[in-house]
Each structure stands twice: as structure tokens, then as C-alpha cells.
Amino acid sequence: MTVTVLIPNPLRPFVSGREAVNVDGGNVGEVLERLAGEYTALRKHLFADDGRLRSFVNVYVNDRDIRHLQRHETPVAAGDTVTIVPSIAGGTAVADTLPKLSHAEILRYSRHLILPDVGLEGQRKLKAARVLLIGAGGLGSPAALYLAAAGVGTLGIVDFDVVDESNLQRQIIHGTAQIGVSKLESAKQRIQDVNPYVRVETFETHLTSENALEILRDFDVVADGTDNFPTRYLVNDACVLLGKPNVYGSIFRFDGQASVFDARFGPCYRCLYSEPPPAGLVPSCAEGGVLGVLPGIIGSIQAMEAIKLILGVGEPLIGRLLLFDALTLKFRELKLSKDPNCPVCGTHPTVTKLIDYQAFCGVVPEPTYEDSEITARELQRDLETGRSLVLLDVRLPNEYEVARIPGARLIPLGELPDRLKELDDHSEIVAYCHHGPRGVRALEILRAAGFPRVRNLRGGIDAWSTEVDKTVPRY
Amino acid sequence: MAVILSAEHLAEIRQQAETAYPHEGCGLMGGANDGDARRVTRLVPVLNARSDSPRNRYLIEPDDFLRAQRALDRDGLEVVGVYHSHPDHPARPSAFDEEQAWPRLSYIIVSVARGAAADARSWVLADDRGGFTEEPITIEERVAT
């Protein structure tokens with residue numbers, strides 16, 4: 001039975017440029033098989049590797065789609081016309097290579113699956129997605145928990161710390177039983193319990209200019225939960241260089257910020273802050289404190305934004321900086337625009353590879369005054385022998401209220417320059433703070449003011465609590 | 001290899017991509033093969049048939065293709081290419097685009113960043129389906145059709 005097969009324009013070069021080819025066969029399957037046998041270059045375009053007709057190749061017999069007839073088995077008679085009709089499809093995602101969901105996963109994600117904006121395809125996208133969390137701390141904790149619960153297939157976490165009791169007020173992924181355990185191990189265990197279908201990839205390291213590109217490269221979305229400027233600039237620049245979205249969050253006391261920096265479609269962190277603040281000017285949460293719920297809110301916003309990016313729904317925080325004030329419970333939004341002169345994502349970038357971010361942020365090793373330091377044990381001995389000295393506490397009053405070394409006098413570091421006259425410049429002074437750095441600054445101030453005999457308690461009151469007097473609580 | 005079209009047609013393609021945002025917009029390009037190049041003389045906008053995920057997929061149903069093909073036939077034109085938009089994604093073919101592509105057609109992709117048409121680039125699938133190659137978009141004075 002000879003039929004005429006009409007060839008669409010794009011395939012004609014594979015049949016010697018002909019618009020129609022006569023082929024024998026009893027049904028559509030046979031006709032196509034003979035056609036591909038005769039014109040071998042055509043086969044790849046008609047059939048997938050498994051031998052089935054490609055999804056975008058449609059076949060009509062005399063104007064009727066064989067999907068509505070008997071598909072391959074549709075009989076043909078002499079004189080029939082078989083038309084190959086393209087359907088044209090494409091798009092930005094890869095539906096047919098997305099992983100499938102098991103029955104257990106379908107049940108687990110049912111509240112997502114019934115959401116039209118997520119659905120089966122969205123959930124499969126989540127499963128295929130790889131999100132990297134920089135830090136498993138205040139922001140990383142809620143972000144990791146929600147991303148894991150939502151079914152993000154692979155979570156990478158970069159951290160190098162161990163769980164400390166003082167983390168637990170906000171770092172809700174860790175628990176009391178994990179004190180002393182590595183944060184990665186602790187987070188991994190918790191994630192596996194929340195959702196065993198999530199794969200956790202851990203990177204027990206500081207993120208550095210040497211390893212950042214390699215670590216970030218394999219992830220789709222990066223969520224920055226760092227608490228220091230060098231790493232924040234490093235994450236930003238690495239994301240710009242790799243063309244990845246950076247879901248940013250930061251917190252301080254009662255204030256939070258969030259945005260999505262994606263230099264392909266909007267500004268990056270450097271468009272917002274081209275230069276870091278002078279080192280030491282902006283206190284970290286360890287110095288300034290933070291209300292524990294705040295990272296829960298901001299970290300959850302980061303998780304939400306990461307999920308929106310993966311699903312491709314809604315309007316991401318690209319080009320917008322969200323400001324949150326927990327005390328007034330107000331959200332404000334600033335419009336951000338791309339800076340054409342941005343050194344990393346502008347039109348003529350000067351930063352084309354990762355740089356030394358410690359130096360960029362002016363971070364120099366803390367000056368040490370070893371000869372002017374006193375250890376907790378030495379201080380204890382001096383006090384016991386009745387040596388006359390002024391014990392100067394340079395922390396904040398609320399810290400003083402939590403714990404103090406008996407006999408200490410409180411002058412917060414910020415007030416020190418104005419209250420020097422309260423100190424006798426002939427007495428020996430031992431300054432202390434929480435861990436040491438503010439004590440060093442007090443030492444510098446007092447020295448510059450001409451106090452000859454000043455020392456700093458190494459390790460601060462924390463060293464005193466652990467080494468000398470356990471009745472003084474650590475915080 | 002190149003796709004040749006008028007500035008007006010390219011502007012129309014970009015306009016349609018912006019109108020469709022945040023969904024993908026798509027259409028067929030009618031014209032004729034010109035040696036190794038494809039000369040576009042008419043655009044046939046098509047409604048994106050993907051109602052399930054129009055933000056990241058487009059589909060031109062075979063019936064629509066056939067209808068467009070027949071309309072072009074009357075003027076002796078062929079379908080020589082396809083255009084579609086990538087909302088908030090670069091103007092590069094995705095793996096899905098590649099998997100679904102036809103050879104010897106120009107695939108113009110317009111990146112739409114937050115509603116504004118950005119890059120437009122054109123791609124052609126290798127004859128052995130071994131990936132897309134970029135081809136130049138050549139702008140010519142509008143050709144009467």
C-alpha cells in the first residue's frame with residue numbers, strides 16, 4: 001500500500017529536500033519505520049532512543065491526528081496522505097528530566113500538590129533543586145528546616161562551628177543534646193528527621209576565596225546566613241561570577257533585612273553597599289545581641305524566597321530590600337537598582353575573580369598586648385594576695401547584671417573616653433569584657449590617655465567563669 | 001547560518017514577550033530558506049497552549065502549527081522558525097528546549113527581565129540533535145509580503 005508522506009519544512013533537508021515522499025506500509029508504524037529506514041538521518045528526529053515517536057512529532061492521516069485513531073496501529077490505505085506535523089514546545093525548565101515522586105512523598109507534600117502554583121511539577125522541581133546554606137546558625141537554622149520540610153532535594157551547608165549552649169536561644173535546628181557536636185552533624189541529623197528524602201551535603205570549612213567557586217558551583221540557589229562582612233562580600237561576588245541567585249538575610253538586635261541579589265536580573269549586594277563599613281564599626285550579634293525570634297522570621301523569608309525562585313512563581317525580592325523592625329512590627333521596602341558602575345556586576349567590572357575579602361573589609365588580626373594581658377588565674381592570685389587594683393568592667397549594664405566579677409566597677413566602653421576622670425591614674429587597672437576584644441580597646445584608650453599601668457583580662461569574664469569561679473554564669 | 005528579519009518584526013517579538021510576561025509568549029516565523037539562512041517575512045503569534053505552567057513552558061499545538069502552515073502555504077511561505085520568551089531567564093535554550101527542538105528552524109529566544117524584554121538571541125539545533133548553535137540575527141529593511 002503506497003501512501004504519500006508530507007514532510008514539514010524543517011525535516012526536508014533530511015529527505016533530499018522533498019516535500020512529499022511515497023512510502024509503503026499497512027499502518028502508520030510501518031510507514032514511519034520504512035521512511036526512517038530509507039532516510040536514516042531522519043530517524044533521530046522522529047524517534048527517541050527508546051524507539052518511540054518523539055513527543056513533539058505528530059502524525060495525521062488524512063487530516064486526523066492518529067492520537068485520536070489507533071496511534072501506530074492506525075491502518076493506511078493506498079492513496080492516503082500521512083502528514084508529519086510539528087508541535088513546538090520548550091521552556092525554561094526541564095520537566096521531563098525532573099525526578100519522580102514516590103507515593104510516600106506524594107502523601108508528605110499533599111498540601112503543596114493541591115496548591116496550583118506548586119502542584120506535581122513544582123514539587124518535582126523542589127526535589128530536583130539544590131540549595132546551599134552558608135552557615136547553620138541563626139538564619140540557616142529556620143531556612144534549613146523549612147527548605148527540608150518543603151522537599152528541596154539537596155541541601156548543602158557550609159559551617160565549621162560546634163554547637164554552643166549560647167546558640168540555642170535562636171539556632172533552632174540544634175538542641176541541648178547536641179552541645180559540643182559539630183553544627184553540620186547536628187543540622188544533618190535534624191534535617192534527616194524532618195525529611196528523610198532530603199540529601200544533605202556538608203562542607204566543614206570556612207568559605208574562602210579559594211574554595212567558594214568550587215562549593216557554590218553545583219548549587220542552584222545560595223542562601224547567605226553569614227554574620228560577617230568578608231564572607232558576605234565573598235558570597236555575593238562568587239554568586240555574581242557564577243550567575244546564581246543569592247538569597248540574602250541579615251539581623252541585628254531587633255532589625256532584619258532580606259533581599260534576593262541576582263546580578264543577571266537586578267542589583268547585587270555591592271550595588272547596595274559598594275564598600276564595607278570600617279572594621280569594628282558595625283557590631284556583630286555576638287557583640288550587640290539579637291532577639292532569638294528575629295532570625296526565625298528573616299531565615300524563613302529566605303527559605304520562602306529560595307522556594308519561589310525554584311518554582312518560578314510570584315515576584316522575588318530581586319531589586320528590593322526588605323527592612324523589618326520587630327519592635328514596631330513593621331516591614332518597609334526599598335527599591336534597589338543595579339549600579340552600572342558596580343565593580344563586580346556593572347558594565348565594566350573590575351572584580352573578575354575572587355579577591356582577599358579580609359583585606360577588602362579592613363579586617364586585621366586583633367592587636368595583642370601580650371605583655372599587658374593577665375590571665376584569669378593570675379588575676380585571682382593578685383586579688384587573693386590583696387594587691388591593690390581597679391577591676392574595670394567595660395561591658396554594657398545589662399551584661400553586668402547577668403554576670404560580674406565581684407568588686408568590679410562598670411564603665412561601658414562607649415562611655416569610657418568621657419569618664420576617664422573617674423579613674424585614678426596612679427592605680428593599677430585591669431579591664432575586662434565578655435571575651436576580650438572590648439577590653440583590648442579599653443586598654444588602648446587608657447594607654448592613650450596616659451594611664452601607665454593597665455592590663456586586660458585575657459578571655460574576658462568568660463575565662464574567669466570557666467577557669468576561676470564557676471558561680472559566675474557564662475552567657 | 002543566520003536568521004534575517006526586519007527591525008519591526010523583532011520589535012513585535014519583543015513586544016509580545018513583554019505582554020505575555022510573566023508567562024512565556026511564543027509564535028511561528030514564516031518565510032523562506034535563503035541558502036543557509038532563514039528569511040522571515042511574516043510572524044504568526046500563537047497562544048501558549050500550556051495552561052498548567054505557562055511561566056516556564058510554551059507549547060504550540062500541532063493543530064495551530066497546521067493552521068499556520070496552511071495560511072503561509074497560500075503565499076508560498078514556510079515555517080522557518082519559532083520565537084518564544086524566557087521570563088526572568090537568559091536568552092539561552094534550556095535543556096528542555098533542546099530536547100524538544102526541530103532541526104533547521106531558527107529559535108529566537110527573548111529574555112524578559114521583570115517585564116522588560118532584554119536579550120534576543122537565535123539558535124539552531126544541530127542536524128544530529130547534538131545541541132544548539134547560536135546564529136546571528138540579521139536585521140534588514142522590512143520586506144513586503
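How far is helix B:7-20 tilted off the main Cα axis of chain B, in degrees rounded to 10, range 0 to 90?
For helix B:7-20, the angle is close to 30 degrees.
Over the Cα atoms of chain A, what radius of gyration and what Dmax do you get, in Å?
Every Cα atom of chain A included, Rg and Dmax give 32.5, 117 Å.
Placing +1 at every Lys and Arg Cβ and -1 at every Asp and Glu Cβ, with all other atoms neutral, what dipole size does chain B have around its Cα centre, in debye to the nearest 20?
Its charge dipole is roughly 280 debye.
Work out the length of the dipole vector of chain A about its Cα centre, built from +1 on the beta-carbon of each Lys and Arg and -1 on the beta-carbon of each Asp and Glu, and round it to the nearest 20 debye.
1040 debye
Efficiency by 1/(1 + (r/R0)^6): what FRET value for A:R387 and A:E415, r their Cβ-Cβ distance, R0 = 25 Å, to the nearest 0.05?
0.40
What residue among A:V290, A:F324, A:S166 has its Cα farthest toward the positive end of the dipole of the protein assembly as shown, where the charges are +1 on Lys, Arg and -1 on Asp, Glu, each on the Cβ?
The Cα lying farthest towards the positive end belongs to A:F324.
So what J values fall out for region B:38-45 if you push phi through Karplus, 6.51 cos²θ - 1.76 cosθ + 1.60 with θ = phi - 60°, rounded to Hz, Gly and Pro as x?
Those phi angles translate into 10, 9, 9, 10, 8, 9, 10, x Hz.
Distance from the Cα centre of region A:422-475 to that of region A:159-185, in angstrom?
So the separation of the two Cα centres works out to 29 Å.
When Lys and Arg each count +1 and Asp and Glu each count -1, what net charge do the other residues less than 9 Å away from A:L323, Cβ to Cβ, add up to?
-1
Per residue of chain A, what 222 nm ellipticity follows from adding -39500 (n - 2.57) for every DSSP H run with n ≥ 4, rounded to the nearest 500?
It comes out at -8500 deg cm²/dmol, rounded to the nearest 500.
Post the alpha-carbon centroid distance, region A:71-124 to region A:327-388, in whole angstrom.
52 Å
Fewest to most neighbouring Cβ within 10 Å: what's the order for A:S102, A:S300?
Taking fewest neighbouring Cβ atoms as first place, the list is A:S102, A:S300.
Taking the Cα atoms only, what angle lies between the long axis of helix B:62-73 and the longest principal axis of chain B, rounded to 10 degrees?
30 degrees
How much net charge surrounds A:D24 when only the other residues with a Cβ under 15 Å from the Cβ of A:D24 are counted, with Lys and Arg +1 and Asp and Glu -1?
Computed value for this residue: -3.
Is it possible to state the helix-based mean residue ellipticity at 222 nm for chain B, with each DSSP H run of 4+ residues giving -39500 (n - 2.57), the sum divided by total residues, to the nearest 500 deg cm²/dmol? What is it? Intermediate values should be presented prior to the final figure.
Details: 3 runs with 32 residues, N = 145.
When only DSSP H runs of four or more count, the value is -6500 deg cm²/dmol.
Could you tell me which of B:N56, B:V124, B:H84 has its Cα farthest along the dipole of region B:55-145 towards the positive end, charges placed at Cβ (Lys, Arg +1; Asp, Glu -1), taken about the Cα centre?
B:N56
Count the DSSP beta bridges whose two residues both fall in chain B, then state the antiparallel fraction as a percent rounded to the nearest 5.
Counting only bridges with both partners in chain B, antiparallel ones make up about 65 percent.
From the residues B:A95, B:S111, B:A68, which one has its Cα farthest along the dipole of region B:59-122 in the positive direction, the dipole being from +1 and -1 charges on Cβ of Lys/Arg and Asp/Glu about the Cα centre?
The one lying farthest along the dipole's positive direction is B:S111.
If one computes the Cα centroid of region B:1-58 and of region A:221-284, what distance in Å separates the two points?
38 Å
Which of the GluC sites (Glu not before Pro) found in region A:147-254 are in a DSSP loop and have at most 15 neighbouring Cβ atoms, other than their own, within 10 Å?
A:E210
Take every DSSP beta bridge with both residues inside chain A and express the antiparallel ones as a percent of the total, to the nearest 5.
Numbers: 32 of 66 bridges.
So the antiparallel bridges in chain A amount to around 50 percent.
May I have the count of lysine pairs in the protein assembly as shown with C-alpha atoms under 21 Å apart, counting pairs 8 or more residues apart or located on different chains?
Going through the protein assembly as shown pair by pair, I get 14.
For chain A, which DSSP H helices look membrane-span-like by this rule: Cα extent along the axis of 20 Å or more and mean Kyte-Doolittle of at least 0.5?
A:293-311
Calculate the dipole size of region A:78-191 relative to its Cα centre from +1 charges on Lys and Arg beta carbons and -1 charges on Asp and Glu beta carbons; express the result in debye to the nearest 20.
That gives a dipole near 160 debye.
Values quoted throughout were computed directly from the atomic coordinates according to the rules given, and no laboratory measurement underlies them. Just so we're clear, the structure is a prediction, and the values are computed from it rather than from any experiment. All Cβ positions, even for glycine, are placed from backbone atoms using ideal geometry, and neighbour counts span all protein chains on display.
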